[in-house]
Every structure is written in structure tokens, then in C-alpha cells.
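**Student:** A single structure is presented below for examination.
The values are calculated or read from the model by the stated rules, or taken from the named source; none is laboratory data. Source: prediction; values computed, not measured. Quick reminder, even Gly has a Cβ in these numbers, built from the backbone with ideal geometry, and neighbours come from all protein chains shown. In case anyone asks, the SASA skips ligands and DNA or RNA and just uses the protein heavy atoms, side chains included. Shrake-Rupley method; radii C 1.70, N 1.55, O 1.52, S 1.80 Å.
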Amino acid sequence: MRLYGPNRDALEALRGSNIELMLGVEHESLQDISSNQASADDWVQNNVVNYGDVNFKYIAVGNEIESGSLAPFVGPAMEKIQNAISQAGLANKIKSPLLFIL
């Protein structure tokens with residue numbers, strides 16, 4: 001299953017299921033996360049760690065961003081989200097952040 005951004009109702013519904021989830025970082029958060037590790041840490045805490053019984057498989061960063069004003073933030077945001085995933089002890093459970101250009 002894929003969510004393009006955190007959706008509390010959907011995350012609650014997925015608790016305890018075996019459904020694999022790809023969760024996207026919303027575009028509105030990319031700039032802040034790209035420049036601030038604490039923001040990435042907070043995002044992972046609030047949207048992943050707090051839902052520890054959800055079967056997260058991937059975190060997607062930069063959905064359908066090929067160019068434009070958000071493009072420069074995608075790489076740094078991916079790095080910071082990966083750092084936050086590792087710091088949370090989830091690096092073996094959740095695959096590295098993914099960039100999707102469809």
C-alpha cells in the first residue's frame with residue numbers, strides 16, 4: 001500500500017496488519033527536512049516510530065519531482081530521513097528513502 005503523506009486515520013487502520021506500507025514525505029515538509037536533521041528526526045518519530053506496529057517497508061521522498069523549486073531539497077531530505085531512520089533503530093526494517101519520478 002502507498003500513502004503519499006502521513007494520514008493518521010490510515011496509519012491507525014494499518015496497525016497490527018501485515019500490509020506493507022510505502023509512506024511518502026509530503027512536499028510541504030521537504031525544504032525544512034532538507035536543512036534540519038531535527039525536523040527529519042521529528043518527522044520519523046511522529047509518522048513512523050509512533051506507529052511501530054505498522055508494517056513500514058519504504059519511505060518515499062520527492063514524489064514526482066523532476067525539476068522546479070523543490071528539486072534541490074530532495075537529496076538532502078533523503079539523507080536526513082535515512083539518518084533519522086537509522087537513529088531510530090529502523091534501518092534493517094525500512095528500506096532507504098526512495099525518489100519517485102513517474
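So that you can scan it fast, the table gives a plain yes or no per residue for (1) within 19 Å of A91 (Cβ to Cβ); (2) part of a helix (DSSP H, G or I); (3) hydrophobic (A, V, I, L, M, F, W, C):
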{"residue": "G5", "(1), (2), (3)": "no, no, no"}
{"residue": "G16", "(1), (2), (3)": "no, no, no"}
{"residue": "I19", "(1), (2), (3)": "no, no, yes"}
{"residue": "L23", "(1), (2), (3)": "yes, no, yes"}
{"residue": "D42", "(1), (2), (3)": "yes, yes, no"}
{"residue": "N50", "(1), (2), (3)": "yes, yes, no"}
{"residue": "Y58", "(1), (2), (3)": "yes, no, no"}
{"residue": "F73", "(1), (2), (3)": "no, yes, yes"}
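Condition check ((1) more than 16 Å from I85 (Cβ to Cβ); (2) open to solvent by less than 20 Å² (accessible area, probe 1.4 Å)) across all residues:
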{"site": "L11", "(1), (2)": "yes, yes"}
{"site": "G16", "(1), (2)": "yes, no"}
{"site": "M22", "(1), (2)": "no, no"}
{"site": "E28", "(1), (2)": "yes, no"}
{"site": "D32", "(1), (2)": "yes, no"}
{"site": "V49", "(1), (2)": "no, no"}
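**Student:** All but one of (1) modelled with pLDDT of 95 or more; (2) open to solvent by 50 Å² or more (accessible area, probe 1.4 Å); (3) part of a loop (DSSP other than H, G, I, E, B) hold for V54, so report the exception by its number.
**Tutor:** Exception for V54: condition (2).
**Student:** Related question: Is it the case that segment 78-86 has a residue that's among the hydrophobic types (A, V, I, L, M, F, W, C), out of contact with any Gly (no Cβ under 6 Å at 6 or more places or on another chain) and in a loop (DSSP other than H, G, I, E, B)?
**Tutor:** no
**Student:** When segment 25-40 is examined, which residues are found to be of a type in the set (D, E), assigned to a helix (DSSP H, G or I) and farther than 14 Å from G75 by Cα?
**Tutor:** Listed by number, the list holds a single entry, E28.
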